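The structure appears below as structure tokens.
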């Protein structure tokens, strides 16, 4: 195989890891709380600024700044639920979309106010690894590995613990959770913290590869939604698979055409899929 | 053990129950029978906290359930096997049983109770790793009862355990209920299958359009001419 094509495939896989992580967070929240956080990628932006601020401005070591950012975004997630979602949980989905959409603009504007519209970089140069003729960015490799690790930890949490089992159960039968002794409000809050934490983890991985600016969320938000819908909203397996399909289209498609055109291809596939299989790859027909 | 007095409940502008009073003593099995739409399920849902009450009191072992958040009621010792079983269809049998032991008081006893439920229902042990939604109706009912037993309740509420099952399976389900009784559980059961349920309870109430009509021991009701005509088809 052509070495550049191979490189594109490898890069696609590496990109898929972080996208899968983001899709997982969004799917988790949608599955449990039945709300789409439009501003999800903006939480990633907040985490990236947090790391930039801690590491590049205040000199906090990265291995401390990253966990702090994860906790910060997890708390943000809980605040989003408490302040925005919880009061309108019973209202029409369109209101919930508008409210989290409003949050998107709020966060973008707030970040602009605090940091200006400039592109910021944490100024860390990570090495490029050479395997034979193949060049792989260490930052991407690490992002992929850590994202995968994060997903495994989350899976174990969902599979092994009582709260994790409740999180999976609540998506299947909301009403009778009370009979099990589960307080749904508490599960929602924990899920929001988890969703925030995943966005925080993603931010720590992305800040190594990308400059942060108030509109960075737009680079990941739309593609994350497409992945979730393509996989079947709420389906975690679906989101995982769709993330790698999308990342391959972007990476390999970009190799054969151009990076701009690759996004066009990804969106085209998405539109076709919506017509052919509206419930998504792993979605359940409603 | 359970005292319901002057209970009123409903959905929206619909009043499903009014002035319902009944008692269940420790160790008893009590049935609530009556036609479709009489409010039997509403009664069960109100007792277990799924539905708020509009008026009246529900007292369980001296605790007014109005003072307890709905998700804490199971900790007091009331478990509810809901209508249509309501298993978590994509969780395995064992995960469903685990959800039954969610409350903090039950968690430390999970392993021993799981063993106990498996000894009561050996079929569930065979199916432990199977996804609950793929089992037969009778097996799902077993799993739903097992899930309720995982909290080691003092009072077991059962809502139409025989509904939607083939006649052969219905007999099996009633055998299950009989075994639950023999284990010493206090049972409040709602059934449409009046003939069979009167064979296994001590007392019964007849719920007619939202309020209690007749009540008495199972033997009294079985020999009551009106009941015989309306429910036993004699």
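The values are calculated or read from the model by the stated rules, or taken from the named source; none is laboratory data. Because the structure is predicted, anything quoted here is derived from the model rather than measured. Neighbour counts are summed over all protein chains in view; Cβ atoms, including those assigned to glycine, are modelled from backbone coordinates with ideal geometry.
Some notes on this structure:
- All helices (runs of 4 or more DSSP H) inside the range B:103-176 with 3 or more residues being closer than 24 Å to residue B:33 by Cβ and more than 14 Å from chain A (Cβ to nearest Cβ): B:137-149
- Subset of the range A:161-184 (residues that are more than 23 Å from the chain's Cα centre (by Cα) and assigned to a helix (DSSP H, G or I)): A:162, A:175, A:176, A:177, A:178, A:179, A:180, A:184
Matching residues to (1) surrounded by 17 or more Cβ atoms within 10 Å (Cβ to Cβ); (2) assigned by TED's automatic domain parsing to the domain that holds residue B:37; (3) within 17 Å of residue B:170 (Cβ to Cβ); (4) touching a strand residue (DSSP E or B) at 6+ places or on another chain (Cβ under 8 Å):
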| position | (1), (2), (3), (4) |
| --- | --- |
| B:185 | yes, yes, no, yes |
| B:192 | no, yes, yes, yes |
| B:197 | yes, yes, yes, yes |
| B:201 | yes, yes, yes, yes |
| B:204 | yes, yes, no, yes |
| B:208 | no, yes, no, no |
| B:212 | yes, yes, no, yes |
| B:216 | no, yes, no, yes |
| B:220 | no, yes, no, no |
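- Tallying residues that are crowded, with 20+ Cβ neighbours inside 10 Å and in contact (Cβ under 8 Å) with a residue 24 or more places away in the chain within the range B:54-77 yields 4.
- All positions within the range B:151-183 that are more than 13 Å from the chain's Cα centre (by Cα), more than 22 Å from residue B:232 (Cα to Cα) and surrounded by fewer than 20 Cβ atoms within 10 Å (Cβ to Cβ): B:152, B:179, B:182, B:183
- Qualifying residue in the range B:78-85 (condition: within 13 Å of another protein chain (Cβ to nearest Cβ), in contact (Cβ under 8 Å) with a residue 12 or more places away in the chain, touching a helix residue (DSSP H, G or I) at 6+ places or on another chain (Cβ under 8 Å) and farther than 29 Å from residue B:59 by Cβ): no
- Being under 23 Å from the mean Cα position of the chain (by Cα) and farther than 19 Å from residue A:211 by Cα is a property that residue A:102 has.
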